[in-house]
Amino acid sequence: MYVEIFGARGTYPISGKEFLNYGGNTACILINSGNTSVIIDAGTGIINLSRSRKLLKNIILLLTHYHLDHITGLPYASFLYSDGFNKVIYGPNILGIKIDKVLEFLSLPFLFPFDIVDKIPNLKLRTIENGDKKDREGFKISSIHSSSHPMGGVMTYRIEAEGKSIVVATDIEGGDEKVIKMAEGADILIHDAQYTEEEYLLFQGYGHSSSKMAAETAKKAEVKKLILFHHAPNHSDSLIKNEEEKTKKLFPETEAGFEGMKLEL
Ligand SMILES: [Zn+2]
Ligand SMILES: [Zn+2]
């Protein structure tokens, strides 16, 4: 199983010399196994992923929720418009809104110049349910809905293939027992770490975690490796590095996720 992060930032994309090490693109993670690419979220990172030539024949795009930082890249993901891939987009039902409706919204004429779905050949759209656990193209994909993220919550995914496992828990406020259980024994946990401890005190209830909370979940779930993810857009390279160092003291197998981070499992 091959994993690469194409966007590790949260909330909105950012550029500038103080953000070069961790990157400024928003949430997008690639997981390859066999003939299939699983992509988690379509933040602006998906644009570089489209250009990377790392995509395999079958593509499963899993969306965690529909906040802009997780879908902004979708209309610009060039692989979608190619008929060289088999594509399925899975999204949760968030406050009664499903993936087909989201694409319809993104295609509104004052937002985008053409109907996205009309231009995508062989596209399948599916709703992913809370508690789903299914074999899809050689991957075992489980999902759990967590309501800690305003307003309609978020889906956390566990992806397994080749006897390895990775859990992506972004846009989550730490301490969710369901998420801890889902992450149990995972090889990799990619976890929201939007805030420093001091910031968390100011933004409690906003649906994000501090690096410390990510470490606590990693510890309780006894995962092998923790990747800090969804960095706040105002967090500079040096601040994130500092958070990584602090978090290593709580959970030694911690690394701050960055654009271009490759993990072989
Ligand atoms: Zn987000
Ligand atoms: Zn969000």
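Run down ALA232, ALA256, ALA215 and say which single residue is in contact with a strand residue (DSSP E or B) (Cβ under 7 Å, 6 or more places away or on another chain), closer than 26 Å to LEU20 by Cβ, within 16 Å of ligand 2 (Cβ to nearest atom) and of a type in the set (Gly, Ala, Ser).
Result: ALA232 is the single residue among ALA232, ALA256, ALA215 that is in contact with a strand residue (DSSP E or B) (Cβ under 7 Å, 6 or more places away or on another chain), closer than 26 Å to LEU20 by Cβ, within 16 Å of ligand 2 (Cβ to nearest atom) and of a type in the set (Gly, Ala, Ser).
Whether any residue in segment 43-59 is part of a loop (DSSP other than H, G, I, E, B), within 12 Å of ligand 1 (Cβ to nearest atom) and not polar (S, T, N, Q) is what I want to check.
Within segment 43-59, one or more residues are part of a loop (DSSP other than H, G, I, E, B), within 12 Å of ligand 1 (Cβ to nearest atom) and not polar (S, T, N, Q).
State all residues of segment 54-76 that are under 27 Å from ASN130 (Cα atoms), out of contact with any strand residue (DSSP E or B) (no Cβ under 8 Å at 6 or more places or on another chain) and away from ligand 2 (no atom under 16 Å from the Cβ); if no residue qualifies, say none.
PRO75
Conditions: (1) at pLDDT 95 or above; (2) over 24 Å from GLY45 (Cα atoms); (3) in contact with a helix residue (DSSP H, G or I) (Cβ under 7 Å, 6 or more places away or on another chain). GLY175 meets all but one. Number of the miss?
(1)
Please go through (1) free of Cβ contacts under 8 Å to residues at least 40 places away in the same chain; (2) away from ligand 2 (no atom under 13 Å from the Cβ) for ILE172 and return the number of the only condition it doesn't satisfy.
Against the list (1) free of Cβ contacts under 8 Å to residues at least 40 places away in the same chain; (2) away from ligand 2 (no atom under 13 Å from the Cβ), ILE172 comes up short only on (2).
What strands (runs of 3 or more DSSP E), lying completely within segment 208-265, carry at least 2 residues that are under 16 Å from THR26 (Cβ atoms)? Give the steps one after another, and end with the answer.
Numbers: elements: 225-229, 254-256, 262-264.
Qualifying strands (runs of 3 or more DSSP E): 225-229.
For (1) in contact with a strand residue (DSSP E or B) (Cβ under 8 Å, 6 or more places away or on another chain); (2) free of Cβ contacts under 8 Å to residues at least 12 places away in the same chain; (3) within 16 Å of ligand 2 (Cβ to nearest atom); (4) not charged (D, E, K, R), each residue gets a yes or a no:
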| site | (1), (2), (3), (4) |
| --- | --- |
| SER142 | yes, no, no, yes |
| PRO150 | no, no, yes, yes |
| SER165 | yes, no, no, yes |
| GLU184 | no, no, no, no |
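Restricting attention to segment 1-44, and to residues there that are among the acidic types (Asp, Glu) and away from ligand 2 (no atom under 16 Å from the Cβ), which single residue is nearest to the chain's Cα centre (by Cα)?
Restricting to residues being among the acidic types (Asp, Glu) and away from ligand 2 (no atom under 16 Å from the Cβ), the top hit is GLU4.
Of all residues in segment 7-34 being over 21 Å from SER238 (Cβ atoms) and in contact with a Lys or Arg (Cβ under 9 Å, 6 or more places away or on another chain), which is surrounded by the most Cβ atoms within 10 Å (Cβ to Cβ)?
Looking only at segment 7-34, we keep the residues that are over 21 Å from SER238 (Cβ atoms), and these are 27-34.
Those still in the list that are in contact with a Lys or Arg (Cβ under 9 Å, 6 or more places away or on another chain) too: 27, 30, 32-33.
Working: ALA27: 34, LEU30: 22, ASN32: 17, SER33: 20.
Selected residue: ALA27.
Applying the selection to segment 6-30, what residues are touching a residue at least 24 places away in the same chain (Cβ under 8 Å), out of contact with any Ser or Thr (no Cβ under 7 Å at 6 or more places or on another chain) and not in a loop (DSSP other than H, G, I, E, B)?
PHE6, CYS28, ILE29
Scan segment 238-265 for residues that are buried (at least 20 other Cβ atoms within 10 Å of the Cβ) and among the polar types (S, T, N, Q) and jot them down.
THR247, THR254
The values are calculated or read from the model by the stated rules, or taken from the named source; none is laboratory data. In this text, all values refer to a predicted model and were calculated from it rather than measured experimentally. For neighbour counting, all protein chains shown are included, and Cβ atoms are generated from backbone atoms with ideal geometry for every residue, glycine included.
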